[in-house]
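The structure appears below as structure tokens.
The values are calculated or read from the model by the stated rules, or taken from the named source; none is laboratory data. Note that the structure is predicted; figures quoted are calculated from it, not measured. Every residue, glycine among them, receives a Cβ derived from its backbone with ideal geometry; neighbour counts consider all protein chains shown. All accessible areas refer to the heavy atoms of the entire protein, side chains included, with ligands and DNA or RNA removed. Shrake-Rupley method; radii C 1.70, N 1.55, O 1.52, S 1.80 Å.
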Amino acid sequence: LNVAFTRGFVASQAFVDRYASQGESISTLLPAQASEGLTFQPSHPQAAEALAWMGFKARAAILGVLDEALNDPEAQVRVIAYDFDLPDVFSRLQQLGSRLRIIIDDSEAHGNAKSAETAAAAQLSASAGAGNVKRQHLGKLQHNKTIVVDGPNVQAVVCGSTNFSWRGWYVQNNNAMVLRGKGPVGVFTAAFENYWAHGEVQGFGATASATWQDAGLDGIDAQVTFSPHVGTNQALSHVADDIKTATSSLFFSLAFLDQTPGPIEQAIAAVMANPDVFVYGISDREDDRLALLRPGGKEVIVSPGALAGNVPEPFRREPTGGAGIRMHHKFVVIDFDKPTARVYMGSHNFSSAADTQNGENLVLVRDRRVATSYMIEAVRICDHYHFRDAQQTSADLVLARPPQNPGEQPWWASQYSDPEKILARELFS
């Protein structure tokens with residue numbers, strides 16, 4: 001099992017220093033519209049290096065799996081794509097010819113005659129055969145982002161929140177998980193076949209894929225379920241009940257949580273009310289701002305473009321990466337520091353629509369190493385935006401100095417008197 005993340009920080013000083021220090025525009029790296037994605041050619045002088053940096057480990061992991069498939073001439077590849085406008089992925093799928101079968105979402109704008117998804121479907125129908133390409137949206141969306149490679153030399157599955165799109169790889173915070181072996185390939189292949197055969201909610205919801213199943217990973221306790229669910233197979237209450245059992249910590253990065261009230265939001269609120277549990281998380285809001293939950297339950301509203309005006313020295317203005325959400329993760333980490341550590345992740349937005357209308361994957365991994373990797377990602381993102389909040393609300397940001405006079409309290413004294421800071425210090429010690 002391999003966990004990989006996109007960097008997701010176009011709005012960062014690191015990006016500016018590396019790839020915009022000479023005033024280069026973000027338009028030289030990214031298409032202005034998703035519909036232009038399949039034919040867009042970056043003109044930035046460091047485009048190859050910049051995109052590799054922006055896409056980080058997830059880009060390398062996903063392209064690596066596709067390259068393995070190309071190099072295994074008997075490998076069969078099954079793909080489900082939601083946003084799909086990325087030439088690096090598209091060109092590799094084209095090269096597979098009839099070894100590819102693919103389901104591409106056709107909801108809303110994706111179904112438009114001029115969309116990248118429609119163009120990709122037409123061209124892949126020519127290379128793979130029309131019978132190997134299907135458009136689908138189930139009750140609302142076909143929201144999976146999965147790749148299954150099944151060959152003599154390669155058995156691999158890609159799942160997670162990372163769309164096969166420019167924004168998914170180079171602007172948003174996302175994660176991908178690569179599962180290896182015949183076990184996960186069998187489980188995800190069965191789900192693909194059930195989607196192929198059942199393009200409606202009730203039909204798919206009655207299949208075994210809509211139940212919790214062992215993911216088939218050797219030596220790792222992992223389960224997976226696919227949406228849409230019907231009846232007692234719904235997963236939201238299961239996840240919410242598990243969140244409420246957190247005893248030491250809860251970390252999350254949940255796109256759309258603020259827009260999808262329900263069991264998950266209520267469960268997080270219940271854990272926040274427990275002073276003995278450290279909670280740190282982030283979600284996006286409809287007005288393109290982010291809701292950051294600090295320890296102690298204080299909500300702070302921050303913006304991905306906070307360092308765009310009145311930027312104090314030595315900082316510089318940052319690009320935002322264009323319109324659309326930046327924080328796209330969907331994961332929850334429970335008790336990362338305990339033997340019972342676990343993480344929920346996937347394409348599933350932890351919403352009612354994701355549970356009962358959309359095509360989705362939701363993976364539960366009970367493994368402390370995996371949970372810790374997601375915890376670190378949550379802290380990375382929260383700290384990134386926490387700083388932007390501090391910059392917005394403080395006239396000057398300066399490093400605190402050690403005590404200069406007798407009896408003067410050091411800046412770290414609160415680490416031993418403030419209950420929230422004591423909780424954090426002991427958790428990470």
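With r as the distance between the Cβ atoms of A48 and N153 and R0 = 30 Å, compute the FRET efficiency 1/(1 + (r/R0)^6) and round to 0.05.
Values: r = 28 Å, r/R0 = 0.94.
The pair N153/A48 has a calculated efficiency of 0.60.
Based on the Cβ-Cβ distance from Q259 to Q409, what FRET efficiency comes out when R0 is 45 Å, to the nearest 0.05? Numbers along the way, then the final one.
Working: r = 43 Å, r/R0 = 0.95.
About 0.60, to the nearest 0.05.
Quickly estimate the mean residue ellipticity at 222 nm for the chain, helices only: each DSSP H run with n ≥ 4 gives -39500 (n - 2.57), and the total goes over all residues, rounded to 500.
Working: 12 runs with 139 residues, N = 429.
Per the formula, -10000 deg cm²/dmol.
With both partners inside the stretch 44-187, how many of the DSSP beta bridges are antiparallel, as a percent to the nearest 5?
Working: 14 of 24 bridges.
Bridges in the stretch 44-187 that DSSP calls antiparallel: roughly 60 percent.
Explain nothing, just the number: relative contact order of the chain, from Cα pairs under 8 Å at least 6 residues apart, as a whole percent.
Computed over the chain, the figure is 16 percent.
Out of Y82, Y170, Y416, any idea which swings most in a Gaussian network model of the chain, alpha carbons joined below 10 Å?
For the chain, modelled as a Gaussian network with Cα springs under 10 Å, the answer is Y416.
Is there a quick way to get the dipole size of the chain? I mean about its Cα centre, with the Cβ of Lys and Arg at +1 and of Asp and Glu at -1; what is the value in debye to the nearest 20? Before the final figure, lay out each step's value.
Numbers: 35 positive and 46 negative charges, 82 e Å.
Dipole of the chain, to the nearest 20 debye: 400 debye.
Rounded to the nearest whole Å², what accessible area per residue is found for the chain with the 1.4 Å probe?
Working: 17670 Å² over 429 residues.
Dividing the accessible area of the chain by its residue count gives 41 Å².
Compute a Gaussian network model of the chain, connecting alpha carbons closer than 10 Å, and tell me which residue from F84, F40, F387 fluctuates the most.
Checking each option, the largest mean-square fluctuation is seen for F387.
Quick one: net charge of N71's neighbours, Cβ under 15 Å, K/R +1, D/E -1? Intermediate values should be presented prior to the final figure.
Numbers: positive: R92, R99; negative: D67, E68, D72, E74, D150.
Its environment carries a net charge of -3.
Specify the longest stretch of the chain that does not include any exposed loop site, a site being one of the GluC sites (Glu not before Pro) with a non-H, G, I, E, B DSSP assignment and at most 13 other Cβ atoms within 10 Å. Intermediate results must be reported in sequence, preceding the final value.
Working: sites that count: E74, E200, E286, E408.
Result for the longest clean stretch: 75-199.
Using heavy-atom solvent-accessible surface (probe 1.4 Å) with all chains present, what is the largest-first order of F256, F5? Mind dumping the intermediate values first?
Working: F256 55, F5 25 Å².
Heavy-atom accessible area, descending, gives F256, F5.
If you stretched the chain out fully between E313 and A126, how much longer would it get, using 0.36 nm times the residue separation minus the C-alpha to C-alpha distance?
The span from E313 to A126 would gain 61.9 nm if fully extended.
Using a 1.4 angstrom probe and counting only protein chains, how large is the accessible area of F428 in Å², to 10?
100
Counting only complete DSSP H runs, which helices of the chain cover 30 Å or more along their long axis at the Cα atoms and score a mean Kyte-Doolittle of 1.6 or above? Write out the running numbers ahead of the final one.
Values: long enough: 368-393 (36 Å, -0.64).
None pass (Cα extent of 30 Å or more, hydropathy at least 1.6).
Give the aspartates and glutamates whose C-alpha is closer than 20 Å to that of K134, dropping any in the same chain fewer than 8 places away, or say none.
Cα-Cα hits under 20 Å: D83, D85, D105, D106, E108, E117, D150, E193, E200, E360.
T356: accessible area at probe 1.4 Å, nearest 10 Å²?
About 30 Å², rounded to the nearest 10.
Quick one: grab the alpha carbon gyration tensor of the stretch 308-382, order the square roots of its eigenvalues as a ≥ b ≥ c, and give me rounded if a/c is under 1.5, else prolate or oblate depending on whether a/b is larger than b/c. If you can, show how the numbers build up before the last one.
Working: a/c = 4.11, a/b = 1.47, b/c = 2.79.
Taking the square roots of the gyration eigenvalues as a ≥ b ≥ c, the stretch 308-382 is oblate.
If you count the DSSP beta bridges with both ends in the chain, what percent of them are antiparallel, to the nearest 5?
On the way: 48 of 66 bridges.
Of those bridges, close to 75 percent are antiparallel.
Given [x] 143; [y] 205; [z] 180, which label gives volume of the Cα convex hull per residue in Å³ as computed from the coordinates?
Computed from the coordinates, volume of the Cα convex hull per residue in Å³ corresponds to [x].
Tell me the label-point distance for the pair S237, V379, using the 7 Å Cα-to-Cβ offset, in nm and rounded to one decimal.
3.6
What accessible area, in Å² to the nearest ten, does a 1.4 Å probe give for V398?
130
Using r as the Cβ-Cβ distance of K244 and K421, and R0 as 35 Å, what FRET efficiency do you calculate, to the nearest 0.05? Can you show the working numbers first?
On the way: r = 25 Å, r/R0 = 0.70.
That pair, K244 with K421, gives E of 0.90.
For the stretch 163-305, what is the percent of antiparallel DSSP beta bridges, rounded to the nearest 5? Can you show the working numbers first?
Numbers: 10 of 16 bridges.
For the stretch 163-305, the DSSP antiparallel bridge percentage is about 60.
Once amide H atoms are built 1.01 Å from N in the peptide plane, which residues 5 or more positions from G281, or in another chain, come under 5 Å H to H?
Distant-sequence amide H within range of G281: F252, L293.
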